[in-house]
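What follows is a single structure, written as structure tokens, with notes after it.
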Amino acid sequence: MVGLVGGGGAGRSWREEAAGGGGAAAAEAEHMRRLHSHAPGEHQCSSALVKHIKAPVHLVWSLVRSFDQPQRYKPFVSRCVVRGGDLEIGSVREVNVKTGLPATTSTERLELLDDDEHILSVKFVGGDHRLRNYSSIITVHPESIDGRPGTLVIESFVVDVPDGNTKDETCYFVEAVIKCNLTSLAEVSERLAVQSPTSPLEQ
């Protein structure tokens, strides 16, 4: 299940019914308010997508937090090298992008990695692509899906609108890439969950 939620101002505001109805929708809104605050400028667009995954939060987070190995679930990444040896706030990775996208490389900086709150924030600082001043936040949250441990994933972004493109066109492109990433994240996580013993909801 992938949906779009509350972009404000220059953003988009789409969403899909959350698993579990009104209570889950209220939880999504609270996570958005608290953790996904973007302030898009006049020539920027912003949006957020949600994904409900039938796997425990610790499995999903183990994939999301892998700043040095995004190819573990991102299908468009062919190679990733982190500059220097240690992974820390400010670390920079060089990503090679597979053919099929209007890009070949991306240079990305780790802005935030919080293992307690399960937050990862990344900013694009260079590369052969048109996504200038792109910044994203992805958070993962435990939830119950059909009475079993599941995970709510929210990914939001803000980015400049390139010359010659509209805000809608720019958001549509970025959303399409994120949707593919989140679908792949669900597939990999759920496969790992089948291979692992059932874990508690809160981990």
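Worth pointing out:
- Cross-link partners of Lys98 among lysines, defined as those whose alpha carbon lies under 16 angstrom from its own and excluding same-chain residues fewer than eight positions apart: Lys74.
- Look at the alpha carbon pairs under 8 Å that are at least 6 residues apart: their mean separation over the length of the chain gives a relative contact order of 25 percent.
- Carbon/sulfur fraction of accessible area - the chain, other protein chains in place, 1.4 Å, %: 50 percent
- Karplus-based coupling profile of region 37-49, in residue order and whole Hz: 8, 10, 10, x, x, 4, 10, 10, 10, 8, 7, 9, 10, with θ = phi - 60° in 6.51 cos²θ - 1.76 cosθ + 1.60 and x standing for Gly or Pro.
- Once the mean of 1/r is taken over each pair of separate Cα atoms and inverted, region 80-191 shows a Kirkwood hydrodynamic radius of 15.7 Å.
- Dipole in debye (nearest 20) - the chain, about Cα centre, beta carbon charges: Lys, Arg +1; Asp, Glu -1: 440 debye
- Helix-only [θ]222 nm of the chain, DSSP H runs n ≥ 4, -39500 (n - 2.57) each, per residue, nearest 500: -8500 deg cm²/dmol
- Mean projected area (nm²) of the alpha-carbon convex hull when region 73-112 is viewed from all directions: 3.1 nm²
- Per residue, in Å², the accessible surface of the chain once ligands and nucleic acids are set aside, probe 1.4 Å: 48 Å²
- Take the chain and mark each of the GluC sites (Glu not before Pro) that is in a DSSP loop with at most 13 other Cβ atoms within 10 Å; the longest unmarked stretch, sites excluded, is 118-201.
- Average projected area [Cα convex hull, the chain], square nanometres: 11.2 nm²
- Taken along its principal axes, the alpha carbon cloud of region 126-188 reaches lengths of 48, 19, 18 Å, longest axis first.
- List His38, His43, His129, ordered by accessible area with a 1.4 Å probe, largest first: His43, His38, His129
- Mean Cβ count within 10 Å, highest first, over the residues of peptides 72-78, 133-139: 133-139, 72-78
The values are calculated or read from the model by the stated rules, or taken from the named source; none is laboratory data. Being a predicted model, the structure only gives us computed values, none of them experimental. Glycine gets a Cβ as well: all are built from the backbone with ideal geometry, and neighbour counts include every protein chain shown. These area figures cover heavy atoms from the full protein model, side chains too; ligands, DNA and RNA do not enter into them. Shrake-Rupley method; radii C 1.70, N 1.55, O 1.52, S 1.80 Å.
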